[in-house]
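S.K.: Take a look at this one; I'll ask things after.
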Amino acid sequence: MAQHDDGGTSTAAGSAVEKAVPFVPSAGTAVVTSDAIKNPGLPPHRERVTDLDPKKDRQAERRVYTLFYLSIVGSVFAVAAYIAFPITPGDTASVRLNTLMLGLGIALGMLGIGIGAIYWSKNLMRGDELTESRHLTRGSDATRARAAEIMHEGNVESGIGRRSLIRNSLIGALVATPLPAIVIFRDLAPAKDPVKLLKETMWAKGTRLTRDPTGTPIKASEVTLGSVFHVIPEGLNDKEDRLEEKAKAAVLLMRLKPEDLHVSKGRETWNYNGIVAYSKICTHVGCPVALYEQQTHHLLCPCHSSTFDVTNECEVIFGPAKRPLPQLPISVDSEGYLVAQSDFTEPVGPSFWERS
Ligand code: FES
């Protein structure tokens, strides 16, 4: 039995009869024009099972209001869960539980409304196929003339065309009003110069090369032919922002036969007896280049397969990367530990920063 706004009731059979009354939409304000292509019309209307069977109609109605009630339960549950499962600072489990319960409640609330509304419209709302007349995109000449007249009247009434001082000061005020937003958004930028932050790494003259993640220094004698070390600068693990620093300073260390290395002018002293260090940050979009092919001396980036030739100063031999991996100039200290000679001489990571 369906309840109506006017307080009366009607059976679903009654509503099925109601639906049978043909509905002819009005063209409203549309300007109906003849189409260049003949309207093929719509296929014959097919009644739905809820249009024909009052029992099915009542079933569909029950489903719809059950879904809406479920939505109410979900929303109330979300509020109750927020109170019942509070977040305890520092306790990740409490964050997870709170988020899970809140999410379940909100999901039920939204799904109940969404599915209910779709089901309602598909099964119970009128199912007639309608055609809607299109409006002309261009107004009629009379409409356009009237629009121009309204603009003119507005000009005369406000005096904006005549009172140039008011007009100009208003334009100035409108231009100036958004300016505070620029200052506010500028405040969101990093406190330090981002270009400098990205150009410089922790490496400096005398910084020891240490193993990742233990931070133990590496002696040149420990780097055997064909071996590869994942390297971080000494002291990185003590830094508060170690992850940010590591993302720029991570290095791969390899030893090749000195005669296998093709060294360009100016880089003769950057390797130590065939031990070379290159940035681990791919020059494509910054993934860690972590695969070393010992036989071919190729470094591979697992993200998009850029391949770098270690014997040729890590030049790109395959893939989307556009420039070689930056080389870290290295040497040894008095105790035989590998140290950097300086920071990288070019920005690490994606090529964009090289151009800044
Ligand atoms: S990030 Fe290395 S190939 Fe794309």
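The values are calculated or read from the model by the stated rules, or taken from the named source; none is laboratory data. These numbers were taken from a predicted model, which means no experiment stands behind them. Because the Cβ atoms are built from the backbone with ideal geometry, glycine has one as well, and the counts that use them run over all protein chains shown.
S.K.: Answer yes or no as to whether residue 285 is at pLDDT 95 or above and either surrounded by 15 or more Cβ atoms within 10 Å (Cβ to Cβ) or farther than 22 Å from residue 220 by Cα (or both).
M.R.: No.
S.K.: Return yes when residue 269 is of a type in the set (Val, Ile, Thr) and either within 10 Å of the ligand (Cβ to nearest atom) or assigned to a loop (DSSP other than H, G, I, E, B) (or both) and no when it is not.
M.R.: yes
S.K.: Would you please list the contacts, defined by Cβ atoms under 7 Å and residues six or more apart or on different chains, that run from a residue in the range 85-104 that is surrounded by 14 or more Cβ atoms within 10 Å (Cβ to Cβ) to a residue that is part of a helix (DSSP H, G or I) and of a type in the set (A, V, I, L, M, F, W, C)?
M.R.: Matching pairs, first to second residue: 85/97; 85/101; 87/95; 101/81; 102/78; 102/81.
S.K.: With respect to the numbered conditions (1) surrounded by 12 or more Cβ atoms within 10 Å (Cβ to Cβ); (2) under 30 Å from the mean Cα position of the chain (by Cα), which one is the sole condition not fulfilled by residue 116?
M.R.: Unmet for residue 116, out of (1) surrounded by 12 or more Cβ atoms within 10 Å (Cβ to Cβ); (2) under 30 Å from the mean Cα position of the chain (by Cα): (2).
S.K.: Scan the range 241-254 and give yes if some residue there is surrounded by fewer than 17 Cβ atoms within 10 Å (Cβ to Cβ), away from the ligand (no atom under 16 Å from the Cβ) and either under 24 Å from residue 322 (Cα atoms) or outside the structural domain of residue 348 (by TED's automatic domain parsing) (or both), otherwise no.
M.R.: Yes: the range 241-254 contains one or more residues that are surrounded by fewer than 17 Cβ atoms within 10 Å (Cβ to Cβ), away from the ligand (no atom under 16 Å from the Cβ) and either under 24 Å from residue 322 (Cα atoms) or outside the structural domain of residue 348 (by TED's automatic domain parsing) (or both).
S.K.: Then there is this: With the structure loaded, tell me whether residue 131 is in a loop (DSSP other than H, G, I, E, B) and assigned by TED's automatic domain parsing to the domain that holds residue 311 or whether it fails that test.
M.R.: In short, no.
S.K.: Then there's this: Looking at 133, 164, 158, can you tell me which residue is modelled with pLDDT under 90, within 30 Å of residue 43 (Cα to Cα) and small (Gly, Ala, Ser)?
M.R.: Of the residues listed, the single one that is modelled with pLDDT under 90, within 30 Å of residue 43 (Cα to Cα) and small (Gly, Ala, Ser) is 133.
S.K.: For the range 301-356, name all the residues that are at positive phi, more than 16 Å from the ligand (Cβ to nearest atom) and touching a His at 6+ places or on another chain (Cβ under 9 Å).
M.R.: Correct list: 313 only.
S.K.: Here is a follow-up. Counting just the residues of the range 68-84 that are under 30 Å from the mean Cα position of the chain (by Cα) and not aromatic (Phe, Trp, Tyr), which one comes out surrounded by the fewest Cβ atoms within 10 Å (Cβ to Cβ)?
M.R.: 79
S.K.: Ok, one more. Can you tell me which residue among 260, 238, 309 is under 22 Å from residue 203 (Cα atoms), charged (D, E, K, R) and assigned by TED's automatic domain parsing to the domain that holds residue 202?
M.R.: Answer to the selection: 238.
S.K.: Name the residue, out of 134, 126, that is in contact (Cβ under 8 Å) with a residue 40 or more places away in the chain, exposed (fewer than 14 other Cβ atoms within 10 Å of the Cβ) and within 28 Å of residue 59 (Cβ to Cβ).
M.R.: 126
S.K.: Now, a different point. Looking only at helices (runs of 4 or more DSSP H) that fall completely inside the range 32-128, which ones have 2 or more residues that are among the small types (Gly, Ala, Ser)?
M.R.: 54-84, 92-123
S.K.: Go through the range 306-356 and give me each residue that's closer than 28 Å to residue 208 by Cβ and in a helix (DSSP H, G or I).
M.R.: Answer for the range 306-356, where residues must be closer than 28 Å to residue 208 by Cβ and in a helix (DSSP H, G or I): 310, 311, 312, 353, 354.
S.K.: Return only the number of the condition from (1) assigned to a loop (DSSP other than H, G, I, E, B); (2) over 16 Å from residue 251 (Cα atoms) that residue 283 does not satisfy.
M.R.: Unmet for residue 283, out of (1) assigned to a loop (DSSP other than H, G, I, E, B); (2) over 16 Å from residue 251 (Cα atoms): (2).
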